[in-house]
């Protein structure tokens, strides 16, 4: 039955329920067909599929369209033009896949349609978010008592944590930044590495601290902040460290940097969108030693944990600082004694994404999370070994899941990347790192198998030989 229902529709409640059930079953079939067929299609959508998206443009219809017709349009024209991200051969950016438990939870969350802002609006969403935040804290080896917020991704996680830093440093200086803003405020110095991620700079811009008003610290040949080149720091300094360079995967030497920063009274923030999860692995946790000394951390759920979009986590050693920076008050918000997520993150209307985080982590457990880190990092080493053996230049030390490879001149490297993307077996992007044009391979998905690596490697080498 087609669903064309509005507030003035004569359909009975039973008819609407029956039609909705039929529609959702149809959507589930379409979704399962999409997932089951993804391995057989190009990772990047074909040009003709992208061109066909024009069918979905046009003016808003003057009247209703049946829900089944809408679903048909989405599947017929939308599905073919998507990037095959849930499969195992998308190595562009640092994009994880989506665990089955997290995907199923996402469907349920959409059916629940909860606003995860206040306990009174959704006890289930708030309790599961609290549990998930504590699980993340434990997995990352962060101090007991650390509080946090589930947000959309690492950009908002950086923003949220750095807002707590801004509050704390200016409060020490006798300034109420939430009430008075930054006009006339005492200056705050922000120290970053030369290869700071763009999301940190964006967060600083949103907070009024400035993308350009930062002190940049030189880095070494792997993109790590040099501990011997730190500037003067004091109680009005925010030091931003990096756990997992987006190009090389390298980690700033937190163990060598944090003691001096803490002694100076600086606030230490860690951008660890994917790298912080190395702490879950006995094999790789050595790279995260020292980061537990920080005051705040930002990470993603939709990268290594493979929770699906969108999911990020901001964590702050002192939850009161986070609450002071983010809390909201209004006469109609008659709140109880329970912790309210709206007091710890930027949003008031919030999808219950913490439920998906809970579901994904519960399905993995400690060993499953470690296994994803170890397996994908092993795949990255296999890529590097195969490329080196074929005479290609691997530019970085492959410490976790990131590989940078040059196929010769910048022009040839870009040509090879274009051929790989067009051929469709896998997808990798380009980057320019420390003066080198390179292809970046990011192995982040739980779904990637050794066969995926070998198929992709063969396609890469074939594209390189064609040049």
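Only one of (1) in contact (Cβ under 8 Å) with a residue 12 or more places away in the chain; (2) more than 30 Å from residue 126 (Cα to Cα); (3) under 24 Å from the mean Cα position of the chain (by Cα) fails for residue 447. Which number is that?
Against the list (1) in contact (Cβ under 8 Å) with a residue 12 or more places away in the chain; (2) more than 30 Å from residue 126 (Cα to Cα); (3) under 24 Å from the mean Cα position of the chain (by Cα), residue 447 comes up short only on (2).
Kindly evaluate residue 267 against the criterion of being surrounded by 24 or more Cβ atoms within 10 Å (Cβ to Cβ), modelled with pLDDT of 95 or more and either farther than 30 Å from residue 446 by Cα or out of contact with any strand residue (DSSP E or B) (no Cβ under 8 Å at 6 or more places or on another chain) (or both).
So residue 267 passes the test.
Do we find a residue being closer than 21 Å to residue 403 by Cβ and assigned to a loop (DSSP other than H, G, I, E, B) anywhere in segment 262-273?
Checked segment 262-273: at least one residue is closer than 21 Å to residue 403 by Cβ and assigned to a loop (DSSP other than H, G, I, E, B).
Every residue, every condition in (1) surrounded by 16 or more Cβ atoms within 10 Å (Cβ to Cβ); (2) outside any loop (DSSP other than H, G, I, E, B); (3) not assigned by TED's automatic domain parsing to the domain that holds residue 120, yes or no:
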{"site": "324", "(1), (2), (3)": "yes, yes, no"}
{"site": "332", "(1), (2), (3)": "no, no, no"}
{"site": "338", "(1), (2), (3)": "no, no, no"}
{"site": "342", "(1), (2), (3)": "yes, yes, no"}
{"site": "355", "(1), (2), (3)": "yes, yes, no"}
{"site": "380", "(1), (2), (3)": "yes, yes, yes"}
{"site": "386", "(1), (2), (3)": "yes, yes, yes"}
{"site": "391", "(1), (2), (3)": "no, no, yes"}
{"site": "400", "(1), (2), (3)": "yes, no, yes"}
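Test of understanding: among 198, 157, 161, 203, which residue is modelled with pLDDT of 95 or more, out of contact with any strand residue (DSSP E or B) (no Cβ under 8 Å at 6 or more places or on another chain) and surrounded by 24 or more Cβ atoms within 10 Å (Cβ to Cβ)?
Values: 198 fails: surrounded by 24 or more Cβ atoms within 10 Å (Cβ to Cβ); 157 fails: out of contact with any strand residue (DSSP E or B) (no Cβ under 8 Å at 6 or more places or on another chain); 161 fails: out of contact with any strand residue (DSSP E or B) (no Cβ under 8 Å at 6 or more places or on another chain).
When all the criteria are applied, what remains is 203.
In this structure, does residue 425 turn out to be assigned to a loop (DSSP other than H, G, I, E, B), surrounded by fewer than 21 Cβ atoms within 10 Å (Cβ to Cβ) and touching a residue at least 40 places away in the same chain (Cβ under 8 Å)?
Answer is yes for this residue.
If a residue must be under 24 Å from the mean Cα position of the chain (by Cα) and either in a helix (DSSP H, G or I) or surrounded by fewer than 12 Cβ atoms within 10 Å (Cβ to Cβ) (or both), how many such residues does segment 30-52 contain?
Of the residues in segment 30-52, 5 are under 24 Å from the mean Cα position of the chain (by Cα) and either in a helix (DSSP H, G or I) or surrounded by fewer than 12 Cβ atoms within 10 Å (Cβ to Cβ) (or both).
Which condition number does residue 114 fail, the rest of (1) outside any helix (DSSP H, G or I); (2) touching a helix residue (DSSP H, G or I) at 6+ places or on another chain (Cβ under 7 Å); (3) more than 14 Å from residue 356 (Cβ to Cβ) being met?
So the condition that residue 114 fails would be (3).
Residues are listed down the side, and each one gets a yes or a no for (1) surrounded by 24 or more Cβ atoms within 10 Å (Cβ to Cβ); (2) on the phi < 0 side of the Ramachandran plot; (3) assigned by TED's automatic domain parsing to the domain that holds residue 166:
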position	(1), (2), (3)
277	yes, yes, yes
286	no, yes, yes
290	no, no, yes
293	no, yes, yes
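With 140, 108 as the choices, which residue is at pLDDT 95 or above and surrounded by 18 or more Cβ atoms within 10 Å (Cβ to Cβ)?
Residue meeting the stated conditions: 140.
Residue under question is residue 120, and the condition is that it be within 21 Å of residue 295 (Cβ to Cβ) and either outside any helix (DSSP H, G or I) or touching a strand residue (DSSP E or B) at 6+ places or on another chain (Cβ under 8 Å) (or both); does it hold?
No.
Please work out which one of (1) modelled with pLDDT under 95; (2) surrounded by fewer than 19 Cβ atoms within 10 Å (Cβ to Cβ); (3) touching a helix residue (DSSP H, G or I) at 6+ places or on another chain (Cβ under 7 Å) is the condition residue 93 fails and give its number.
Going through (1) modelled with pLDDT under 95; (2) surrounded by fewer than 19 Cβ atoms within 10 Å (Cβ to Cβ); (3) touching a helix residue (DSSP H, G or I) at 6+ places or on another chain (Cβ under 7 Å) one by one, residue 93 breaks only (3).
Quick check, is residue 134 under 25 Å from residue 290 (Cα atoms), out of contact with any strand residue (DSSP E or B) (no Cβ under 6 Å at 6 or more places or on another chain) and free of Cβ contacts under 8 Å to residues at least 24 places away in the same chain?
yes
Exactly one of these conditions fails for residue 309: (1) under 11 Å from the mean Cα position of the chain (by Cα); (2) surrounded by 22 or more Cβ atoms within 10 Å (Cβ to Cβ). Give me its number.
Just one mismatch for residue 309, condition (2).
Which count do you get for residues in segment 428-446 that are buried (at least 20 other Cβ atoms within 10 Å of the Cβ) and assigned to a loop (DSSP other than H, G, I, E, B)?
5
The values are calculated or read from the model by the stated rules, or taken from the named source; none is laboratory data. This one's a predicted model, so the numbers in the text were calculated from it and none came from an experiment. Cβ atoms come from the backbone with ideal geometry, glycine included; neighbour counts cover every protein chain shown.
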